[in-house]
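These notes are about the structure you will find just below.
The values are calculated or read from the model by the stated rules, or taken from the named source; none is laboratory data. Keep in mind that this is a model prediction, so the values were computed, not measured. Heads up, the Cβs are rebuilt from the backbone with ideal geometry, glycines too, and the neighbour counts pull from every protein chain shown.
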Amino acid sequence: MIGLFQHLIKISRRRSPWIYRINAGSCNGCDIEVAPCFSPRYDGEQIGALLQGSPKHADILLISGPVTLRTRDMVKEIYEQVPAPKAVIALGSCPASGNVFSGSPTIIGNLESLIPVDLYVPGCPPRPQAILEAIQKAAHLLENGETHSQQEEDQHD
């Protein structure tokens, strides 16, 4: 019976990944590369990816920019608003290292020191193809129960 229940949960997670974007203080280079992902050329909607206006309707958080002292609380709040299961994609070099902003007293460091990150998309800025590939990988992680949020949930059960 439990196996059937787990199977039904897995089937219910096979859906279009809905994405909420956060710019945590970037130079907007990553944002410029996200836009073509949903244009006719790359057609992110073909894989079912849709941008959402509210984190409460998202499955995936797409975060660009170095997290600053000013945006730290906002990022945490938005992360908490995304319902479980959720995946987090760190977009570009800034969330990983601060990139050109590192060394600034207002940069808090790696995004993973604030919230769990499932995937990093390297580059400054990353190409649209890499962004779409990460979205597909995040959807796969969600479907298979392999995101950080799902693993934490399993540990608490």
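Computed values, structure above
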read-out	value
Members of the stretch 66-88 found to be surrounded by fewer than 24 Cβ atoms within 10 Å (Cβ to Cβ) and assigned to a strand (DSSP E or B), listed by number	THR68
Enumeration of residues in the stretch 48-85 that are within 17 Å of VAL121 (Cα to Cα) and touching a helix residue (DSSP H, G or I) at 6+ places or on another chain (Cβ under 6 Å)	ALA49, ILE60, ILE63, SER64, GLY65, PRO66, VAL67
Some residue of the stretch 44-65 being among the polar types (S, T, N, Q), part of a loop (DSSP other than H, G, I, E, B), at pLDDT 90 or above and within 27 Å of GLU152 (Cα to Cα)	yes
Residues satisfying the stated conditions in the stretch 73-117, i.e. closer than 20 Å to TRP18 by Cβ and among the aliphatic types (A, V, I, L, M)	MET74, VAL75, ILE78, VAL82, ALA84, ALA87, VAL88, ILE89, ALA90, LEU91, ILE115, VAL117
Which listed residue, of ILE89, ILE108, is within 19 Å of GLU152 (Cα to Cα), of a type outside the set (S, T, N, Q) and in contact with a Leu (Cβ under 8 Å, 6 or more places away or on another chain)	ILE89
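Conditions (1) in a loop (DSSP other than H, G, I, E, B); (2) farther than 22 Å from ARG41 by Cβ; (3) in contact (Cβ under 8 Å) with a residue 12 or more places away in the chain, marked per residue:
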site: ILE108; (1), (2), (3): no, yes, yes
site: ILE115; (1), (2), (3): yes, yes, yes
site: GLY123; (1), (2), (3): yes, no, yes
site: GLN129; (1), (2), (3): no, no, yes
site: LYS137; (1), (2), (3): no, no, yes
site: LEU141; (1), (2), (3): no, yes, yes
site: SER149; (1), (2), (3): no, yes, yes
